[in-house]
Structures are given as structure tokens and as C-alpha cells.
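Undergrad: One structure, pasted below without further comment.
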Amino acid sequence: MTKLEELTVLLVNEINDFKNDIEKLEKINDHLENTKIKIDLVEYKFLIETHQQKIVAHINSLERFESRLENILKNSKIYPNWAVILLLVSVLLGIVSLVYTYISIGLSN
């Protein structure tokens, strides 16, 4: 019977320890449920604002570049007007002279 009593005492002790552990876990759980976690976003807010300012500056830079490029393309001329007119007149005179030569050779034969 002594062995049975020892086992019973051990079992009762283990049950009591288990009960105490459960109570401790319940207290911890209650404490965790009531605890609010605060996130410090100040550093992230600063980084986002800095990044946003850089993006705005980059967009402004691209707009200025686009404006300058448009002005350059608007004002740029590859050939002067007089050179284009002279080329067209030369080509027309060449075509007219070829046609005239072809017609005059064709009529003389």
C-alpha cells in the first residue's frame, strides 16, 4: 500500500503543479491580451517624406528637360529654307531637261 500511496502523492503533486502552471499561463495570457503594441512610425514617415520630395524633384527635372527638348526641336532646322528651295528647283530643272532631251531624241528619229 505504501507504493500506491507514494504514487498517489506524486500524482497529486503533479496535478497541483500542472494546475499552478495553467493559472500562470492564464495570467500571462490575460496580460498579453490587455497589452497594446505601439509602433514607432516617425522614422518611416521621415523616410517616406524624403523619398516623396526626391520624386517631386525628379519629376520637375524631367519636365524641365522635356520643355527644353521641345524648344530645341521646335527651333531646330536641319537645312536652311533657301537650300531646300534650291534643291527642289534643281531637281525640277533636271527632270524637265531629261524629258525635253528624251522628247527631242524621240522626235528626231
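Undergrad: What does the net charge come to around Val56 if you take all other residues with beta carbon closer than 12 Å to its beta carbon, with K and R at +1 and D and E at -1?
TA: -1
Undergrad: In a shell of Cβ-Cβ distance under 15 Å around Asn13, excluding Asn13 itself, what net charge do Lys and Arg (+1) and Asp and Glu (-1) give? Let's see the in-between values first.
TA: Numbers: positive: Lys19; negative: Glu5, Glu6, Glu14, Asp17, Asp21.
Here the charged neighbours net out to -4.
Undergrad: Less than 13 Å Cβ to Cβ from Ile22, Lys/Arg counted +1 and Asp/Glu -1: what total charge do the surrounding residues give?
TA: Details: positive: Lys19, Lys24, Lys27; negative: Glu14, Asp17, Asp21, Glu23, Glu26, Asp30.
Around Ile22, the surrounding residues sum to -3.
Undergrad: In deg cm²/dmol and to the nearest 500, what is the mean residue ellipticity at 222 nm of the chain if only DSSP H runs of at least 4 residues count, each as -39500 (n - 2.57), divided by the residue total? Mind dumping the intermediate values first?
TA: Numbers: 3 runs with 95 residues, N = 109.
Estimated from H runs of four or more residues: -31500 deg cm²/dmol.
Undergrad: Please give me, ordered by residue number, the trypsin sites (Lys or Arg not before Pro) of the chain that lie in loop per DSSP and have at most 14 other Cβ atoms within 10 Å. Working shown, then result.
TA: Working: sites: Lys3, Lys19, Lys24, Lys27, Lys36, Lys38, Lys45, Lys54, Arg64, Arg68, Lys74, Lys77; in loops: Lys36, Lys38, Lys77.
Answer in residue order: Lys36, Lys38, Lys77.
Undergrad: Additional query: Considering only Ser67, Ser90, Ser76, give the residue with the highest GNM mean-square fluctuation for the chain, with springs between Cα atoms whenever their separation is below 10 Å.
TA: Ser90
Undergrad: On to the next question. In vacuum, with every alpha carbon of the chain counted as one equal point scatterer, what does the Debye formula give for log10 I(q)/I(0) at q = 0.10, 0.11 Å⁻¹? Two decimals, please.
TA: The computed values of log10 I(q)/I(0) come out as -0.78, -0.81.
Quick note: the coordinates plus some simple rules give every number you see, no bench work behind them. What you are looking at is a predicted structure, and each value in this text was computed from that prediction instead of being measured. Because the Cβ atoms are built from the backbone with ideal geometry, glycine has one as well, and the counts that use them run over all protein chains shown.
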